[in-house]
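One structure below.
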Amino acid sequence: MASSRLTAAILSLLLLILTHPSVASYAEEKTTVATPRYPAKKEAPEEAVDVVVEGLVYCQSCNYSGTWSLNEAVPIPGAKVSVICRNYRDRVSYYNAFTTNNGGYFYANLKGYAMRHPLLDHPLQSCAAKLVSSPMENCSAFSNINYGINGAALRYEKKRLIRKNYEAVIYSAGPLVFRPDRCPPKQY
């Protein structure tokens with residue numbers, strides 16, 4: 001008998017809690033005074049933010065062949081690097097190849113790249129940079145230093161380029177490295 005009274009009391013309290021907010025909002029609606037409505041301010045159209053990937057491409061020294069060391073490495077002008085992005089369904093959603101400048105630096109503006117899903121299609125999760133080709137005949141073998149063959153993951157280093165009517169978020173990849181095709185045997 002006592003347990004049924006306790007159950008009834010709990011149910012009554014629960015019912016009161018559930019109906020209380022609706023009663024309060026009904027009373028609030030009845031007491032509010034109508035205010036004149038002004039047209040909403042027109043907001044400026046949101047500018048698209050470009051996604052950019054930057055990095056360096058080097059030729060590894062024969063002295064450090066077989067390691068991930070970049071000591072004595074030299075930049076490769078004219079090297080080709082690709083940026084590949086895959087959507088959350090693992091389908092290629094963006095692909096383009098970019099060429100390095102005289103200092104071995106590439107600036108890959110991903111024109112046309114779109115994030116269909118804000119988390120899964122984010123460049124940090126979906127894009128990677130890969131080696132494509134080297135113009136140096138004596139340094140054109142691929143190396144997987146910083147995952148240049150498999151795809152170097154992008155890093156966000158809090159870099160943004162902001163200009164009038166332009167904004168870009170800059171991600172880094174690499175450095176990516178080619179290695180010499182043949183190195184002389186090491187002398188011990």
With the checklist (1) part of a loop (DSSP other than H, G, I, E, B); (2) touching a residue at least 60 places away in the same chain (Cβ under 8 Å) in hand, flag the one item residue 81 doesn't pass. (1)
Residue 122 vs (1) under 24 Å from residue 90 (Cα atoms); (2) in contact (Cβ under 8 Å) with a residue 60 or more places away in the chain; (3) out of contact with any strand residue (DSSP E or B) (no Cβ under 6 Å at 6 or more places or on another chain); (4) not charged (D, E, K, R): all pass except (2)
Taking the stretch 145-188 and keeping residues free of Cβ contacts under 8 Å to residues at least 40 places away in the same chain, in a loop (DSSP other than H, G, I, E, B) and in contact with a Ser or Thr (Cβ under 8 Å, 6 or more places away or on another chain) leaves 149
Identify the single condition in (1) within 30 Å of residue 183 (Cα to Cα); (2) free of Cβ contacts under 8 Å to residues at least 24 places away in the same chain that residue 96 does not satisfy, given that it satisfies every other one. (1)
For residue 89, the lone unmet condition from (1) surrounded by fewer than 15 Cβ atoms within 10 Å (Cβ to Cβ); (2) assigned to a strand (DSSP E or B) is (2)
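Laboratory data are not the source of any read-out in this text; all were calculated from the coordinates shown. Since the model is a prediction, treat every value here as computed from it, not as a measurement. Positions of Cβ are backbone-derived with ideal geometry, glycine not excepted, and every protein chain shown enters the neighbour counts.
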